[in-house]
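The values are calculated or read from the model by the stated rules, or taken from the named source; none is laboratory data. All values reported here derive from a predicted model rather than from experimental measurement. We place every Cβ from the backbone using ideal geometry, glycine too, and count neighbours over all the protein chains shown.
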Amino acid sequence: MRTVHGLGAALIAAIVVGAFAANAPAQEKNFRAGSAAYGEAQKLYNEKKFPDAAKAYEGFTRDYPGHASRDVAYYMAVLCYRYANQPDDAVRVAQEHEKVIGKSSYWPSITRQAAEACIAAKQFKRAAEILTKLVGDPAYADRYSLYSSLHTCYMNEKEYDKALALCDRFMADYTGPAGRKAEILLRKMDILNVMDRAAEMEAVAKEVEKVVPNNVMVGQAWEKVGYVEQQKLKRPANAYEAFLRASQVPGYLNADAILRNGCYVLRQVQPVDQARVAQACEGFLKSFPDSAFDAEMRIALAGAYAALKDTQNELRARRECDGLYGKTTLGPDILSGIVNLATRDKAVLDEGVKAASRLVEEFPNTPQAEQALLWLAENSPQAADPAVKKALLEKLVARFPCGNHAERGARLLEGMK
């Protein structure tokens with residue numbers, strides 16, 4: 001025999017089931033209508049009609065509050081307003097979502113899209129305020145991208161102290177790939193540079209080296225140090241060491257160009273340490289034998305040895321350069337270098353005669369050939385024979401009648417009569 005209580009419970013259950021059964025068709029009809037409305041909004045989105053799509057998604061959230069797609073519709077509305085360059089509406093819908101639904105699984109993404117809409121509109125301060133909410137939410141997974149966007153806001157607002165603090169916070173909190181940490185450290189170096197705290201950049205470069213040893217980002221870090229040492233701190237020797245470290249990183253792009261700049265910087269030190277310049281150029285040639293700067297560095301090496309009055313090494317450097325590039329457009333300058341060396345040191349006079357003779361024969365119409373004819377007439381042992389000397393001077397005057405040395409050649413000829 002059923003109790004009163006049992007009968008009451010059965011009656012209530014029957015009423016509830018009956019009510020659901022009665023409402024089921026209406027609910028299904030409403031769900032279908034909502035899905036159709038969502039589909040129309042999606043169609044507009046696919047057609048890239050973002051302003052219309054945003055309104056359609058937003059209308060869906062109001063008209064079908066119980067629909068399963070309401071949360072994602074808020075996200076899509078904000079995304080469309082972002083693409084439509086309507087940051088005010090993006091922020092408004094994001095705020096409405098937080099108020100109506102709260103911090104659902106879509107809240108971080110909706111908040112982020114609202115901030116990105118502001119960044120696209122160059123409303124950096126407003127975007128930073130929105131992004132700061134996400135920084136404080138440990139559940140937000142894409143930390144690097146989040147910090148990058150917030151960094152962009154602070155830098156554009158010239159809030160460098162906040163940008164610097166953000167870098168330090170990232171380094172303390174982030175547990176993802178080391179490469180991301182290195183990228184943030186490179187940004188930190190840029191901030192220090194902007195803040196005129198360039199002297200602190202070397203310590204950060206060393207930190208990059210610890211985080212990602214032998215990575216190309218290490219080269220980037222030391223290159224940054226090199227340029228601030230050269231241009232801001234005016235410490236050429238330190239700049240060279242930084243450029244050298246950058247060039248030694250395996251796989252670093254344009255490493256030869258970086259070290260070439262380092263060798264150039266050494267020549268800015270006053271007084272110039274020519275021995276160090278020579279050592280740096282020798283190191284370059286060993287490290288980058290196929291570099292596009294090979295000829296330039298060989299000429300610089302010969303110049304350093306010339307300044308040191310190291311005849312044998314200068315001659316070696318110029319001979320090696322001649323062997324590689326003597327038949328090219330660089331030939332006249334290379335051969336002239338050997339002639340000038342012979343002028344300074346008669347011990348290599350024979351080398352000078354050979355180089356001058358080649359200038360006359362291989363590059364006959366160049367200014368260097370004109371100078372070589374005069375030099376041979378005045379310096380070569382063969383010119384001790386008056387007939388040889390006269391022939392050289394006549395060739396000079398005939399070939400270069402308006403040249404820089406034509407007048408001197410004519411005078412010397414006149415004196416031989």
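Yes/no matrix, rows are residues, columns are (1) acidic (Asp, Glu); (2) touching a residue at least 12 places away in the same chain (Cβ under 8 Å); (3) in contact with a strand residue (DSSP E or B) (Cβ under 7 Å, 6 or more places away or on another chain); (4) assigned to a helix (DSSP H, G or I):
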{"residue": "203", "(1), (2), (3), (4)": "no, no, no, yes"}
{"residue": "207", "(1), (2), (3), (4)": "yes, yes, no, yes"}
{"residue": "217", "(1), (2), (3), (4)": "no, yes, no, yes"}
{"residue": "226", "(1), (2), (3), (4)": "no, yes, no, yes"}
{"residue": "230", "(1), (2), (3), (4)": "no, yes, no, yes"}
{"residue": "237", "(1), (2), (3), (4)": "no, yes, no, yes"}
{"residue": "246", "(1), (2), (3), (4)": "no, yes, no, yes"}
{"residue": "252", "(1), (2), (3), (4)": "no, yes, no, no"}
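Annotation note: Cβ proximity below 7 Å between a residue of segment 272-291 that is closer than 9 Å to residue 304 by Cα and a residue that is modelled with pLDDT under 95 and not in a helix (DSSP H, G or I) (sequence gap 6+ or interchain) occurs for 277/267. Only helices (runs of 4 or more DSSP H) whose full extent lies in segment 309-381 are considered here, and the ones with at least 3 residues that are under 41 Å from the mean Cα position of the chain (by Cα) and farther than 21 Å from residue 391 by Cβ are 311-325, 331-344.
Residues that are within 17 Å of residue 327 (Cβ to Cβ) and either surrounded by fewer than 16 Cβ atoms within 10 Å (Cβ to Cβ) or modelled with pLDDT under 95 (or both) within segment 358-401 comprise 361, 362, 364, 365, listed in sequence order.
In segment 28-52, the residues that are on the phi > 0 side of the Ramachandran plot and surrounded by fewer than 16 Cβ atoms within 10 Å (Cβ to Cβ) reach residues that are in a helix (DSSP H, G or I) and at pLDDT 95 or above with C-beta atoms within less than 9 angstrom, at least six apart or across chains, in these pairs: 48/83. Counting the residues of segment 240-270 that are within 18 Å of the chain's Cα centre (by Cα) and either at pLDDT 95 or above or surrounded by fewer than 19 Cβ atoms within 10 Å (Cβ to Cβ) (or both) gives 20.
Please go through segment 128-138 and give me each residue that is in contact (Cβ under 8 Å) with a residue 12 or more places away in the chain and either in contact with a Ser or Thr (Cβ under 7 Å, 6 or more places away or on another chain) or part of a loop (DSSP other than H, G, I, E, B) (or both), ordered by number. Within segment 128-138, 130, 131, 133, 134, 137 qualify.
Within segment 287-301, the set of residues being under 17 Å from residue 333 (Cβ atoms) and either in contact with an Asp or Glu (Cβ under 8 Å, 6 or more places away or on another chain) or among the basic types (Lys, Arg) (or both) comprises 293, 298, 299, 301. Filtering segment 83-122 to residues that are outside any helix (DSSP H, G or I) and crowded, with 18+ Cβ neighbours inside 10 Å leaves 84, 86, 106. Only residues that are assigned to a helix (DSSP H, G or I) and surrounded by fewer than 14 Cβ atoms within 10 Å (Cβ to Cβ) were counted in segment 139-163, giving 2.
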